[in-house]
Amino acid sequence: MSELDNRISLPAAKRRVSGTSARRTASLRVQRMRENLLAYGFLAPSLLLFAVFLFYPMFKSVYLSLHSTDPTGQIAAYVGLDNFKAVFQSGLFMQGMKVTLLFVLFTVPTGMLAALILAALTHNRFKGMRVFQFVFSLPVVLSVGSSAVIWKFLFHPTLGMLNYLLGKVGIDPIPWLTSPDWALISISIMTIWMNLGFNYIILSSGLAGIPDEIYESAKMDGAGPLLTFRKISMPLLSPTLFFVTVVSIIGAFQSFGQINILTRGGPMDSTNVFVYSIYQEAFVNFRFGTGSAQALILFVVIMLLTLIQFKWVERKVHYQ
């Protein structure tokens, strides 16, 4: 009788187990669905902003780059890739890229080196060091427009503070913004100062994240400050340096505000970087098709440079 009961109870037990597992599976599905809905609910405002201010303009740029427009900005005709051909044939691409690459070369290495030196100098916890940390971080709170206006007064040929100080030491005034030889350098100086706050904060945070035990061990082994910085700080700081490099290069390629306020691309197109060329083509000459084509070319250039950095430069990054 017991064997018969067992034979009868086993299928019933299996049904109960399978029913319980089915209910658990259904409950897990409902829970996952609720979590997904909650996640998308939190993401909805960001996705909406991205859709309005990023995805739509990008698709609109692709659409405009394949069409010609009339002086009012309305679509006139489909031209295919003629706008891209016009950009390369007119020399806009080469001229804009030449000035942009010089601007990147002037600003990115110098800005990172200056921020790294200041971060290393203020890394020690001496009394009053927080005052210097606050001062070096100040440029990050100023907008591009405010910074450009301040430096426009500093660069003034007769009333500017820079030429006044140079005159005190017997150096002739420099035509900061009016000479083709000095205009791009002047813009670069202002940009280095403007980006110094952000670079300094990021690099200081990277140095603060290195454990003190490593420095203490190096000090016990007889390593000096310079050797410690070169052999310990720099390798452990390499992920932060890589991040700052990528962000700085992208920011340099997208620089516009200071150039628009200080030089407007002049004199003699010496500061006419690629972004300002896009602005002139689209919003001054009202050739939105060619301007959109230039914007897409710049997007591809920045994307390729970023991919190259992640492909080859990141290999030298030392992750803990």
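The values are calculated or read from the model by the stated rules, or taken from the named source; none is laboratory data. In this text the structure is predicted, and so the values were computed from the model without any measurement. Note: ideal-geometry Cβ built from the backbone for every residue, glycine included; neighbour counts use all protein chains shown. Side chains are part of the model used for accessible areas, which takes the heavy atoms of the whole protein and leaves out ligands, DNA and RNA. Shrake-Rupley method; radii C 1.70, N 1.55, O 1.52, S 1.80 Å.
Shown is the FRET efficiency for LEU226 and VAL317, computed with R0 = 25 Å from the Cβ-Cβ distance and rounded to the nearest 0.05: 0.70. Largest mean-square fluctuation among MET220, MET33, MET112, in a Gaussian network model of the chain whose springs join Cα atoms under 10 Å apart, belongs to MET33.
For the stretch 163-177, 3J(HN,Hα) computed residue by residue from phi via the Karplus equation (6.51, -1.76, 1.60; θ = phi - 60°) reads 5, 5, 5, 5, x, 5, 9, x, 9, 5, x, 9, x, 4, 10 Hz, glycine and proline entered as x.
Could you tell me what % of all Cα pairs in the stretch 129-262 have separations over 26 Å? Cα-Cα pairs in the stretch 129-262 separated by more than 26 Å: 42 percent. Just to be sure I understand: with springs between alpha-carbon atoms less than 10 Å apart, which residue in SER46, SER277, SER179 has the highest mean-square fluctuation in the Gaussian network model of the chain? The residue that fluctuates most here is SER46. Fully extending the segment from LEU49 to SER143, taken as 0.36 nm per residue of separation minus the present Cα-Cα distance, adds 31.7 nm. Think of a 1.4 Å ball rolled over the protein heavy atoms: the stretch 196-320 then has 52 Å² of accessible area per residue. For the stretch 91-181, what class follows from the C-alpha gyration tensor (a ≥ b ≥ c being the square roots of its eigenvalues): rounded when a/c is under 1.5, otherwise prolate if a/b is larger than b/c, else oblate? Because a/c hits 1.5 or more and a/b fails to exceed b/c, the stretch 91-181 counts as oblate. Rounded to whole numbers, the Karplus 3J(HN,Hα) couplings from phi for the stretch 220-226 are 5, 7, x, 6, x, x, 5 Hz, using 6.51 cos²θ - 1.76 cosθ + 1.60 with θ = phi - 60°, and x at Gly and Pro.
Per DSSP H run of at least 4 residues, take -39500 (n - 2.57); add these up for the chain, divide by its residues and hand me the 222 nm value, nearest 500 deg cm²/dmol. Per the formula, -23000 deg cm²/dmol.
Candidates VAL169, MET112, HIS123 compared by Cα position along the dipole of the stretch 86-190: farthest toward the positive end lies HIS123, with charges placed on Cβ.
Applying a threshold of 27 Å to the alpha-carbon distances of LYS60/LYS316; LYS98/LYS311; LYS60/LYS85 flags LYS60/LYS316 as lying beyond it. Of the peptides 234-245, 295-306, the ranking by mean beta-carbon count within 10 Å, highest at the top, reads 234-245, 295-306. Protein heavy-atom surface of the stretch 127-208, 1.4 angstrom probe: 72% of the accessible area is carbon and sulfur, with nucleic acids and ligands not counted.
Annotation: extensible slack from VAL284 through LYS98 equals 64.8 nm (criterion: 0.36 nm per residue apart, minus Cα-Cα distance). Per-residue SASA remark: ILE192, around 30 Å² accessible (1.4 Å probe; ligands, DNA and RNA not included). Segment THR25..LEU38, full-extension length gain: 2.7 nm, with 0.36 nm per residue of separation and the alpha-carbon distance subtracted. In order along the stretch 233-248, phi translates into HN-Hα couplings of 5, 4, x, 6, 8, 4, x, 5, 4, 5, 4, 5, 5, 4, 5, 5 Hz, rounded to whole numbers, per the Karplus curve 6.51 cos²θ - 1.76 cosθ + 1.60 with θ = phi - 60° and x for Gly and Pro. Each Cα pair of the stretch 126-176 feeds into the Kirkwood radius, which the Stokes-Einstein equation turns, at 37 °C and 0.692 mPa s, into a diffusion coefficient of 253 µm²/s.
The modelled label-to-label distance between THR178 and LEU305, using points 7 Å beyond Cα along the C-beta direction, is 3.2 nm. Pairs of C-alpha atoms in the chain farther apart than 24 Å represent 70 percent of all such pairs. Enter the angle in degrees (range 0 to 90, nearest 10) between the Cα long axis of helix 144-154 and the first principal axis of the Cα atoms of the chain, meaning the one along which they spread out most. That helix lies at roughly 20 degrees to the long axis. Amide H to amide H, with H built 1.01 Å from N, THR69 comes under 5 Å of ALA76, PHE288, GLY289, counting only residues 5 or more places away or on other chains.
Rounded to the nearest 10 square angstrom, TRP182 shows an accessible area of 90 square angstrom against a 1.4 Å probe.
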